[in-house]
Amino acid sequence: MESLSKRAKVLEKKPMTLAERAYLPAIFQGLSITMQHFFRAATKKQVTIRYPEETRPFSPVFRGLHVLKRDEKGRERCTACGLCAVACPAEAITMVAGERKKGEESLYREEKYAVSYEINMLRCIFCGLCEEACPKAAVYLQADKMAPPRFERDEFIYGKDRLVEPVTPDNRSKRGIQLTAEQADKLRTQSA
Amino acid sequence: MDFPPLAWQGVVVLVVFGVSLLIATYSTYAERVIAAFLQDRVGPDRAGPFGLLQPLADAVKLFTKEEFFPAGANRALFVFGPCLAMITALMSSAVIPFGNVLQFGETAIHLQGIEINVGMLYVFGMVSLGVYGIMIGGWASNNKFSLLGAIRAASQNISYEIAMGLALIAVLMMSGSLSLREITFQQASDAPFVWQDIFNWNVMKQPLGFIIFIVCAFAETNRTPFDLPECETELIGGYHTEYSSMKMGLYLFAEYINVFVASAVMSVLYFGGFNFPFQAELRNWLVSAQGLELVTASNIITILGLVGLFAKIFSFIFFFMWVRWTLPRFRYDQLMRLGWTILIPLAIFNILLTGGLITFGIIK
């Protein structure tokens, strides 16, 4: 039958030659290839990353766990406008807005603030659209922090207790893998 | 020949026993490191320096695992299978001449477990018995995969033993003796010609026989590319599918001991055993130039020969592992075709060739 695409390749099944039937030449060829790998592994540094001691650095543009930023005076930047929740394609963000009371000016920057702000990390696809939507530069996806595995689903709903940036940056959670400044610089020069 | 005291011989047997176990233990480590290196990986390097304590960790793990008996298994035979595999594997190393004689005053210690004049037949007998361990274990498991693996092991071993025996006959035609020690001595050379030492090894006179023998050795020890009895892709684990804990460990151990014995037999039969190049010259030099007594010089040569034999054995063990991590497994019909229609006719041709060469006095 004529082939429609006329690209069919007719394969000829030739009988094996004596060298092929004797197996030995092919076996020695294979052995020499693995031996090259043996010496390469024995002499050169292997590509293996010895995990607990070494970690593979993240890309500098990696989008990890969200953080709700504070401004330079330590006030929460979020004003609960809801643009991030609207932008979110996975509908992972919910929030309840509240009015700032008198005497709370040192806590919240605007008159309106988020009483609760929750992100479901199981729904989140870490696309970063909330970060782009935020007019107050409040939501950021950190480059060095991932949502760790947990046993219960409700533990993946991150509230303000876990999202808001601590007042002193030293108190930031050490959970997740930290990218050192050197590693970040190295990656930036590599990608540039 | 005056026999050394029985006590010394017992010590030698125990040492050979211990060395076989030690080599099998570290074969597991070596296998993993070599596999890793051949695949550009690191291999075990956590337990101790360079991971050298890994076999200990493995042993602890195996001993503390659950001992599982499948429903409907024949319990007695289920335990007996791995024991038999282990016993026969260990017994076959007893007749291998690891070295010449060590002379201490009146006592002469032969570095060989048992000196019998049918040593090669003994090794063959033990290797043939070894398949019973696999057969019994596979049958007693009450599992179709185990049984299939056991049947494969049996038919594979029988098929390849024929070619192996025929390859060996060519060696025996030249040596005229079944004693491994005698075969070793015949490969020594006192000729002054530089390359004479290596040219006197049987592998130079029997290259075809050696290739047949080593291929059959791979099949007899159930190593890749002929590891069809365990064949994970088709039979899960073959004869040891149902085995767990140290019973599984014994099967794996028996395989490594078999590899060690096969390497030792190949070194003795084809690679001159404990002979090494320039041994006669070295002994003469030690006596004449260094002024050592002949006994001391001979002892030094014996120890060097022992080291040399183990170097040969380790190269063969490395080769076994190298091939395992290079070649894929044969299909069962390919295995049988290779054994019956290629290796056996080749081995018979080799016998005829050897006979012709001996008749015309080209080799002796």
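The values are calculated or read from the model by the stated rules, or taken from the named source; none is laboratory data. Keep in mind the model is a prediction, meaning the values are calculated, not measured. Ideal geometry is used to build each Cβ from the backbone, glycine not excepted, and the neighbour counts take in all protein chains shown.
Condition test on B:PHE253, is it modelled with pLDDT of 85 or more and within 14 Å of chain A (Cβ to nearest Cβ)?
no
Across region B:200-215, which residue is nearest to B:LEU166 (Cα to Cα) among those that are away from chain A (no Cβ under 14 Å) and touching a residue at least 60 places away in the same chain (Cβ under 8 Å)?
B:GLY209
Please work out which one of (1) modelled with pLDDT of 80 or more; (2) part of a helix (DSSP H, G or I) is the condition B:ASP197 fails and give its number.
Exception for B:ASP197: condition (1).
Name the single residue, out of those in region A:48-69 being assigned to a loop (DSSP other than H, G, I, E, B) and among the aliphatic types (A, V, I, L, M), that is nearest to A:GLN142 (Cα to Cα).
Taking the candidates together, the pick is A:LEU65.
Taking interchain pairs and intrachain pairs at least six residues apart, which have beta carbon atoms under 7 angstrom, with the first residue in region B:331-350 and in contact (Cβ under 8 Å) with a residue 60 or more places away in the chain and the second hydroxyl-bearing (Ser, Thr, Tyr) and in a helix (DSSP H, G or I)?
Going by the 7 Å Cβ cut-off, the qualifying pairs are B:MET336/B:SER159; B:GLY339/B:SER159; B:GLY339/B:TYR160; B:TRP340/B:SER159.
Quick one: count up the residues across region B:335-351 that are surrounded by fewer than 18 Cβ atoms within 10 Å (Cβ to Cβ), of a type in the set (A, V, I, L, M, F, W, C) and farther than 16 Å from B:ILE169 by Cα.
3
Condition first: touching a Leu at 6+ places or on another chain (Cβ under 8 Å) and within 14 Å of another protein chain (Cβ to nearest Cβ). Now tell me which residues in region B:217-240 satisfy that.
B:ALA219, B:THR224, B:PRO225, B:PHE226, listed by residue number.
Answer yes or no: is there a residue in region A:33-53 that is under 30 Å from A:ASP161 (Cα atoms) and in contact with a Cys (Cβ under 8 Å, 6 or more places away or on another chain).
The answer is no, given that none of the residues of region A:33-53 is under 30 Å from A:ASP161 (Cα atoms) and in contact with a Cys (Cβ under 8 Å, 6 or more places away or on another chain).
Being surrounded by 15 or more Cβ atoms within 10 Å (Cβ to Cβ), assigned to a helix (DSSP H, G or I) and more than 14 Å from every other protein chain (Cβ to nearest Cβ) narrows it down to one of B:THR296, B:THR354, so name that one.
Being surrounded by 15 or more Cβ atoms within 10 Å (Cβ to Cβ), assigned to a helix (DSSP H, G or I) and more than 14 Å from every other protein chain (Cβ to nearest Cβ) holds for just one of B:THR296, B:THR354, which is B:THR354.
Within region A:82-91, is even one residue in contact with a Cys (Cβ under 6 Å, 6 or more places away or on another chain), more than 14 Å from chain B (Cβ to nearest Cβ), part of a loop (DSSP other than H, G, I, E, B) and touching a residue at least 40 places away in the same chain (Cβ under 8 Å)?
Within region A:82-91 (the criterion being in contact with a Cys (Cβ under 6 Å, 6 or more places away or on another chain), more than 14 Å from chain B (Cβ to nearest Cβ), part of a loop (DSSP other than H, G, I, E, B) and touching a residue at least 40 places away in the same chain (Cβ under 8 Å)), the answer is yes, since at least one residue qualifies.
Pull up region A:15-32, narrow it to residues that are away from every other protein chain (no Cβ under 12 Å) and assigned to a helix (DSSP H, G or I), then point me to the one that is farthest from the chain's Cα centre (by Cα).
A:ALA19
Which of the residues spanning region A:156-186 are surrounded by 13 or more Cβ atoms within 10 Å (Cβ to Cβ), modelled with pLDDT of 60 or more and out of contact with any Asp or Glu (no Cβ under 6 Å at 6 or more places or on another chain)?
Matches in region A:156-186: A:PHE156, A:TYR158, A:LYS160, A:ARG162, A:LEU163, A:VAL164, A:GLU165, A:GLN183, A:ALA184, A:LYS186.
Would you be able to say whether some residue in region A:40-60 is touching a Gly at 6+ places or on another chain (Cβ under 9 Å) and at the interface with another protein chain (Cβ under 8 Å from one of its Cβ atoms)?
For region A:40-60, residues touching a Gly at 6+ places or on another chain (Cβ under 9 Å) and at the interface with another protein chain (Cβ under 8 Å from one of its Cβ atoms): present.
Can B:PHE226 be described as touching a helix residue (DSSP H, G or I) at 6+ places or on another chain (Cβ under 6 Å) and closer than 30 Å to B:PHE185 by Cβ?
It is false that B:PHE226 is touching a helix residue (DSSP H, G or I) at 6+ places or on another chain (Cβ under 6 Å) and closer than 30 Å to B:PHE185 by Cβ.
For (1) exposed (fewer than 15 other Cβ atoms within 10 Å of the Cβ); (2) closer than 26 Å to A:PHE58 by Cα; (3) at pLDDT below 90, each residue gets a yes or a no:
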{"residue": "A:GLY74", "(1), (2), (3)": "yes, no, yes"}
{"residue": "A:VAL86", "(1), (2), (3)": "yes, no, no"}
{"residue": "A:ILE93", "(1), (2), (3)": "no, yes, no"}
{"residue": "A:SER106", "(1), (2), (3)": "yes, no, yes"}
{"residue": "A:CYS130", "(1), (2), (3)": "no, yes, no"}
{"residue": "A:ALA133", "(1), (2), (3)": "no, yes, no"}
{"residue": "A:LYS136", "(1), (2), (3)": "no, no, yes"}
{"residue": "A:TYR140", "(1), (2), (3)": "no, yes, yes"}
{"residue": "A:ALA147", "(1), (2), (3)": "no, yes, yes"}
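For region A:41-57, how many residues meet the condition of being touching a helix residue (DSSP H, G or I) at 6+ places or on another chain (Cβ under 8 Å) and surrounded by 15 or more Cβ atoms within 10 Å (Cβ to Cβ)?
2
Of the conditions (1) outside any helix (DSSP H, G or I); (2) crowded, with 18+ Cβ neighbours inside 10 Å; (3) away from chain A (no Cβ under 14 Å), B:GLU66 satisfies every one except a single condition; which number is it?
Result: B:GLU66 fails condition (2) only.
Just need a number here: residues in region B:30-63 that are in contact with a helix residue (DSSP H, G or I) (Cβ under 6 Å, 6 or more places away or on another chain), more than 10 Å from chain A (Cβ to nearest Cβ) and crowded, with 17+ Cβ neighbours inside 10 Å.
Qualifying residue count for the region: 5.
From B:TYR270, B:TYR243, which residue is more than 14 Å from chain A (Cβ to nearest Cβ) and either under 26 Å from B:PRO82 (Cα atoms) or free of Cβ contacts under 8 Å to residues at least 24 places away in the same chain (or both)?
Result of the check over B:TYR270, B:TYR243: B:TYR243.
Give all pairs with beta carbons closer than 8 Å in which a residue from region B:123-141 that is without any contact (Cβ under 8 Å) to a residue 40 or more places away in the chain meets a residue that is of a type in the set (D, E, K, R); count only pairs at least 6 apart in sequence or on separate chains.
If the second residue must be of a type in the set (D, E, K, R), the pairs left are B:SER128/B:GLU161.
Checking B:ASN275 against (1) surrounded by fewer than 19 Cβ atoms within 10 Å (Cβ to Cβ); (2) touching a residue at least 60 places away in the same chain (Cβ under 8 Å); (3) assigned to a loop (DSSP other than H, G, I, E, B), only one condition comes out false. Which one?
Unmet for B:ASN275, out of (1) surrounded by fewer than 19 Cβ atoms within 10 Å (Cβ to Cβ); (2) touching a residue at least 60 places away in the same chain (Cβ under 8 Å); (3) assigned to a loop (DSSP other than H, G, I, E, B): (1).
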